[in-house]
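Before any comments, here is the structure.
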Amino acid sequence: MTISRRNLLKGAAAAPLASMALPAFAQDKIKIGFIFLGPVGDYGWTWAHNKGREAVEAALGDKVETIYTENVAEDASAEAAIRDLCNAGCKLVFTTSYGYMDQTIKVAAEFPDVKFEHCTGFKRADNVSTYNSKFHEGRAVLGTIAGKMSKSGTLGYLGSFKVPEVVLGVNAFALAAQKQNPAATVKLVMIDSWFDPPKEAAATETLVNLGCDVVTTHTDSPAALQILEQKGLFGFGQGADMSTFAPTAHLTAIEDIWGPYYVARAQAIVDGTWASADTWDGMKEGTVVISPYNAAIPADVAALADGVQAGYKDGTYDIFTGPIFDQDGVERVKAGEVMALADLAVIDWFVKGVESAS
Amino acid sequence: MDFTIAAIITIVGLTTPILLAGLGELVVEKSGVLNLGVEGLMLVGAISGFGVTVFTFNPWAGVLGAAVGGALASLIFAVLVLQLNSNQVATGLALTIFGTGVSSLIGVNFTGRIVAPFGSIFPDALARDPFWKLFFGYSPIVYFAIIMVFVVGWFLKRTRAGLILRAVGENDLSAHSIGYSVIRVRYMAIAFGGAMAGIGGAYFSLVITPMWAEKMTAGRGWIALALVVFAGWRTGRLLAGAYFFGILMALELYAKAAGFSFLPSQFWAAMPYAMTVVALAIISSRGTAGASAPACLGKPFTPST
């Protein structure tokens, strides 16, 4: 058959017929969509969410199928990406970053039959749940270790944006470090991106040059750890165990474990029991997990870190227990008081000892 | 002193990739072709360089692989714009999308792996000395980039081949009418640009962060494009401009880490582009020949019309 324009047109006419037949087969399975911030290969935030998606496939693969869109920017384009997943027939859509909040709410209003799960936000609707993980509990463990391991008492924090999740992380890290070393200070650099390895690397060099000897990251690549490895300093993994990237520098990591929550919510869709909710799990529920400790951590420091973990699991420890002072020295939380979850969710001030530009 | 040296080393790290990619693009544009695919080529170079290094344990082979990978990818662009006269802007943008996609595809097999960083080849006494590391503490790619600035400058200004390349970029029909193969010159320029962008990309995956991560160049290809315009298509200014951009990028980080908040961070991020617009305005208002865009930039070569 020679390829003529007419033949091509025939083929083009036949194609929609073929594709129309497909959904009939697929209809038995419920479609679940995911909007990812970075590439699934970032080995951090998005990688962890994708592990959660894979857990859904593994647990409910006979009843559901999952699709995802990666590298979705936190701007108006996210709206189109979410809408695309709805139009593709998804019954449940996970939007896995704070910056998708308004877009999720907007698209959810257009698709009342689709359920949405927005990660780390605070706006809900009848068909929009929010879920979050108490990463700051993990940060308290890292801060405890950092406070003990730092010789200079100057710690580095490589941040992304000033959103509550990051502010909580910075504060938990600083407060926990100050429990071990009251003079500890935290230098903070926000790189205005969740994923920019060259900038993460340069920012880490900058923090080290300004005297930080332990640097923790709230951005999604192992770049900072690789710089610390080359300089013989210490750091922590973010989102996943990153020890393969920096076997010596990697003290431990906060692992985000989304699988159990994603499976439970997907199951609720299958069972027809899904309801809008606000879920904020942490170490107790197993969504925040601390990776194995590096051998460089002395036994007494490891014991302190274990104590923090145990305290979160049995509810006897909370890093946001007063007295807590802000950067200007104003007492924000009185002695003995514990900050409420609702206050934590919208926090926008840094604690004393955090040195930041904003 | 130690503080200044460490800051300079960070600036060199920020500068080198955009210098390499910008230098390649400068040669491409001097031949009259606008290749907006630099970002994609850098990613192809980053994964090619990393992949070859993983298999050969030899970063030199990796750099060569990055150059070959970048050149091959750029030749796809070359066939489309030179042979088929496709729109250079659209094709270049498509090349970026292609490079991003193909590097991610290949990279799936390399995620989570590391190689030894391709650092200084000088003895530790120099490379790790608190002072001498300022001169000897860098990856060979850094010295290569600076040497290439002078090689390319000499080539364009002082050699016959360079004159032909500029002639092709300024007036392709005239160059054609006196017997030079416009297409062949442009093929070579595009391949050179691809190779340089590839090596620039490998600087990320072999030197700064010796790993592969999708989209790890994070937009540096676009800064390299702006840099060529900022430099007014001159190699000396390209070197100065690259370091100027590098200093701006480092200043942003130092200002934040030191707790200065007199300017919003978005201001710093926009600076390279804002400075490019300013430079472009100055160049065009002066109207000096030789400091402006090659006359045939972006136009397809169609000798029959």
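The values are calculated or read from the model by the stated rules, or taken from the named source; none is laboratory data. Being a predicted model, the structure only gives us computed values, none of them experimental. Please note: Cβ atoms are built from the backbone with ideal geometry, for glycine as well, and neighbour counts cover all protein chains shown.
Some points to look at:
- Among the residues making up region A:317-330, those that are charged (D, E, K, R) and closer than 17 Å to residue A:344 by Cβ are A:318, A:326.
- Condition check for residue B:46: crowded, with 24+ Cβ neighbours inside 10 Å, of a type in the set (A, V, I, L, M) and either within 25 Å of residue B:296 (Cα to Cα) or away from chain A (no Cβ under 14 Å) (or both): no
- Any hit, region B:161-182, residues being hydroxyl-bearing (Ser, Thr, Tyr), within 11 Å of chain A (Cβ to nearest Cβ) and either more than 30 Å from residue A:38 (Cβ to Cβ) or surrounded by 24 or more Cβ atoms within 10 Å (Cβ to Cβ) (or both): no
- Residue match in region A:93-103 (condition: surrounded by 22 or more Cβ atoms within 10 Å (Cβ to Cβ), touching a His at 6+ places or on another chain (Cβ under 7 Å), touching a residue at least 24 places away in the same chain (Cβ under 8 Å) and in a strand (DSSP E or B)): yes
This table checks each residue for (1) among the basic types (Lys, Arg); (2) closer than 13 Å to residue B:198 by Cα; (3) over 14 Å from the mean Cα position of the chain (by Cα).
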| position | (1), (2), (3) |
| --- | --- |
| B:35 | no, no, no |
| B:67 | no, yes, no |
| B:72 | no, yes, yes |
| B:78 | no, no, yes |
| B:88 | no, no, yes |
| B:93 | no, no, yes |
| B:96 | no, yes, no |
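- When restricted to residues that are facing chain A (nearest Cβ under 7 Å), touching a Ser or Thr at 6+ places or on another chain (Cβ under 6 Å) and at pLDDT below 90, region B:214-252 contains 1.
- The listed residues are B:197, B:145, B:202, B:175, and the only one of them that is more than 30 Å from residue B:128 (Cα to Cα) and hydrophobic (A, V, I, L, M, F, W, C) turns out to be B:175.
- Only residues that are touching a residue at least 24 places away in the same chain (Cβ under 8 Å) and of a type in the set (D, E, K, R) were counted across region B:237-257, and they come to 0.
- Applying the condition of being touching a residue at least 24 places away in the same chain (Cβ under 8 Å) and not in a loop (DSSP other than H, G, I, E, B) to region B:110-139 and asking which residue is nearest to the other protein chains (Cβ to nearest Cβ) yields B:114.
- In region A:194-214, of all residues being within 11 Å of chain B (Cβ to nearest Cβ) and outside any helix (DSSP H, G or I), the one that is farthest from residue B:137 (Cα to Cα) corresponds to A:194.
- For region B:83-98, a residue qualifies if it is away from chain A (no Cβ under 14 Å) and of a type outside the set (S, T, N, Q), and the qualifying residues are B:84, B:89, B:90, B:92, B:93, B:94, B:95, B:98.
- If you go through region B:140-180 and keep only what is of a type in the set (Val, Ile, Thr) and either touching a residue at least 60 places away in the same chain (Cβ under 8 Å) or under 16 Å from residue B:300 (Cα atoms) (or both), you end up with B:141, B:142, B:146, B:149, B:152, B:168.
- If you go through region B:202-211 and keep only what is buried (at least 24 other Cβ atoms within 10 Å of the Cβ) and more than 8 Å from chain A (Cβ to nearest Cβ), you end up with B:202, B:203, B:205, B:206.
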